[in-house]
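Novice: Got a structure here, written out as structure tokens. Questions coming.
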């Protein structure tokens, strides 16, 4: 199984392609559906036997779908700790999904656009990720897959409440729509807390780079709907699109203000970050994220010719702990990872054409 995951190591994830609407601010868009089997106990009452039965039922159904196109099917319990974390870093599974991993799995479609967690908090967590601000295409794709699976798997559904889920906030549509936004200018101008407070009052919530329970890193914020009940899927998407357009406008305005009023200071901040990235011999993951965030801002604003967001996006991913260890083919200590991370960044930035 490790060799099959090595194939993923050689390609960037869909969510880091750096294309799509407003890709300079919205890194990726994700639609996720929570579904449970009608005849199986939910996770709070599940036994090893019932979880094993769920896995037996859903695996052939997933492997036969047209949307997933013969997915890579990975049983989490077969993986070592590095490979499990590798999947978390690629946003293919949640952090919770790799804990107590027996009878848990993930099906991964071509290009990592579509993936399905089996026996996470719900029996199925179906996910589609697209680069840029692109929730509508993601919804169309996941809706097709949901329809396909419904033909062979009876889902738990109430005519009064909609799809039944383990967590009440997901009941109804079972849908969570989210975007990963890069908001460095709002952080620099100290407007970020006000913006996040406002979106909370409008029914959205903000999390860190790896979802619930994680803090914002590298000025990335994962913004999604709080509840799935009482609105249709189209209404939920329309609401998050409307609010995110305002967030994008605020970030654009903050970037414009920095360029107009503090350009020299901004350039100094960007190039200091780049100088450290280009010359450091050791670097932690959190420091790399923060410095790469500034380099990405500089590239997006045209302050660093020849260095594009795609190259920087890839560094965000490939400098993560499990990716470094997968690339080396062995477990590394924290000190060894910090040295390898700095080496990787120096090497990749050194190949970037015309960066000065």
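The values are calculated or read from the model by the stated rules, or taken from the named source; none is laboratory data. Remember, it's a predicted structure, so these values are computed and weren't measured experimentally. Here the Cβ positions follow ideal geometry from the backbone for every residue, glycine too, while neighbour counts run over all protein chains shown.
Novice: Only one of 165, 169 is assigned to a loop (DSSP other than H, G, I, E, B), surrounded by 14 or more Cβ atoms within 10 Å (Cβ to Cβ) and assigned by TED's automatic domain parsing to the domain that holds residue 112; which?
Specialist: Going through 165, 169 in turn, the sole match is 165.
Novice: Yes or no: residue 122 modelled with pLDDT of 95 or more, surrounded by fewer than 21 Cβ atoms within 10 Å (Cβ to Cβ) and either closer than 28 Å to residue 101 by Cβ or in the same structural domain as residue 19 (by TED's automatic domain parsing) (or both)?
Specialist: Details: modelled with pLDDT of 95 or more: yes; surrounded by fewer than 21 Cβ atoms within 10 Å (Cβ to Cβ): no; either closer than 28 Å to residue 101 by Cβ or in the same structural domain as residue 19 (by TED's automatic domain parsing) (or both): yes.
It is false that residue 122 is modelled with pLDDT of 95 or more, surrounded by fewer than 21 Cβ atoms within 10 Å (Cβ to Cβ) and either closer than 28 Å to residue 101 by Cβ or in the same structural domain as residue 19 (by TED's automatic domain parsing) (or both).
Novice: Applying the selection to the stretch 237-292, what residues are without any contact (Cβ under 8 Å) to a residue 24 or more places away in the chain, assigned to a helix (DSSP H, G or I), over 26 Å from the mean Cα position of the chain (by Cα) and surrounded by fewer than 16 Cβ atoms within 10 Å (Cβ to Cβ)?
Specialist: Matches in the stretch 237-292: 256, 260, 261, 263, 264, 265, 268, 272, 275.
Novice: Here is a follow-up. If the requirement is being touching a strand residue (DSSP E or B) at 6+ places or on another chain (Cβ under 8 Å) and surrounded by fewer than 18 Cβ atoms within 10 Å (Cβ to Cβ), which of these qualifies: 56, 4? Spell out the reasoning first.
Specialist: Values: 56 fails: touching a strand residue (DSSP E or B) at 6+ places or on another chain (Cβ under 8 Å).
Being touching a strand residue (DSSP E or B) at 6+ places or on another chain (Cβ under 8 Å) and surrounded by fewer than 18 Cβ atoms within 10 Å (Cβ to Cβ) holds for just one of 56, 4, which is 4.
Novice: Moving to a separate point now. Tell me, yes or no, whether the stretch 132-143 has at least one residue that is more than 22 Å from the chain's Cα centre (by Cα), at pLDDT below 95 and not in a helix (DSSP H, G or I).
Specialist: Step one: list which residues in the stretch 132-143 are more than 22 Å from the chain's Cα centre (by Cα), which gives none.
Looking through the stretch 132-143, none of the residues is more than 22 Å from the chain's Cα centre (by Cα), at pLDDT below 95 and not in a helix (DSSP H, G or I).
Novice: Working carefully through the options 218, 208, 230, find the one that is within 21 Å of residue 189 (Cα to Cα), in contact with a strand residue (DSSP E or B) (Cβ under 7 Å, 6 or more places away or on another chain) and at pLDDT below 90.
Specialist: On the way: 218 fails: in contact with a strand residue (DSSP E or B) (Cβ under 7 Å, 6 or more places away or on another chain); 230 fails: within 21 Å of residue 189 (Cα to Cα).
Sole residue among the options that is within 21 Å of residue 189 (Cα to Cα), in contact with a strand residue (DSSP E or B) (Cβ under 7 Å, 6 or more places away or on another chain) and at pLDDT below 90: 208.
Novice: Determine the pairs where a residue that is over 14 Å from residue 316 (Cα atoms) and not assigned by TED's automatic domain parsing to the domain that holds residue 27, located within the stretch 204-223, has a partner that is assigned to a strand (DSSP E or B) and at pLDDT below 75 with Cβ atoms under 9 Å apart, the partner being 6 or more residues away or on another chain.
Specialist: 222/211
Novice: Counting only residues that are in a helix (DSSP H, G or I), under 13 Å from residue 256 (Cα atoms) and without any contact (Cβ under 8 Å) to a residue 40 or more places away in the chain, how many does the stretch 293-311 have?
Specialist: Going through the stretch 293-311, the residues in a helix (DSSP H, G or I) turn out to be 293-300, 309-311.
Filter once more, so that each one left must be under 13 Å from residue 256 (Cα atoms): 297-298, 300.
Of the ones still in play, those that are also without any contact (Cβ under 8 Å) to a residue 40 or more places away in the chain are 298.
The qualifying residues number 1.
Novice: Shifting gears a bit: Kindly list, by first and then second residue, each pair from a residue in the stretch 38-61 that is closer than 17 Å to residue 158 by Cβ to a residue that is surrounded by fewer than 16 Cβ atoms within 10 Å (Cβ to Cβ), limited to pairs with Cβ atoms under 9 Å and residues at least 6 apart or on different chains.
Specialist: Qualifying pairs under 9 Å: 38/154; 38/157; 39/154; 41/47.
Novice: When the residues of the stretch 331-356 are filtered to those that are assigned to a loop (DSSP other than H, G, I, E, B) and at pLDDT 95 or above, which remaining residue is surrounded by the fewest Cβ atoms within 10 Å (Cβ to Cβ)?
Specialist: First, the residues of the stretch 331-356 that are assigned to a loop (DSSP other than H, G, I, E, B): 331-333, 352-356.
Of the ones still in play, those that are also at pLDDT 95 or above are 331-333.
Details: 331: 11, 332: 17, 333: 8.
Ranking the qualifying residues of the stretch 331-356, first place goes to 333.
Novice: Looking only at the stretch 83-111, filter to residues that are assigned to a strand (DSSP E or B) and touching a residue at least 40 places away in the same chain (Cβ under 8 Å); which one of those is nearest to residue 50 (Cα to Cα)?
Specialist: The extreme case among them is 105.
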